[in-house]
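Data block below; observations after.
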Amino acid sequence: MVHTRLFLRLVRGRTVYECTICCDKKDAGADLVIQQPPTLECNHDREACDDCLKNMFEVAIQGGRLQDLICPDTECKRPIPKGRIKQLVSETCYKQ
Ligand SMILES: [Zn+2]
Ligand SMILES: [Zn+2]
């Protein structure tokens, strides 16, 4: 439940999210950038960690599937801004 998670987050005063891809619990601490979902238009909590996003996007770029550069949230699927992709994937991969 998104609302419960938001509530708990406020109560605890810290940000821990569980990556839905690798199931790791990530403590974002006070870092607001790390807490953000992949796109500015996302209206959901952070759900995938940077490592998983990086893997996803690198595989998509290497496979020439640029249409797969989207938010991994199943109900969101918004396109990821180029700047964000550039931050995540390695430089050699981005240039392809
Ligand atoms: Zn992950
Ligand atoms: Zn999203």
Check your understanding: Which three semi-axes in whole Å describe the equivalent ellipsoid of the stretch 42-96, each the square root of 5 times a Cα gyration tensor eigenvalue, listed largest first?
Key -> 19, 11, 10
**Study point:** Packing-based order for 53-63, 77-87, using average beta carbon neighbours within 10 Å, highest first
**Key:** 53-63, 77-87
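Bear in mind that the values in this text are calculations on the coordinates, not laboratory data. Fair warning: this is a prediction, and the values are worked out from it, not measured in the lab. Positions of Cβ are backbone-derived with ideal geometry, glycine not excepted, and every protein chain shown enters the neighbour counts.
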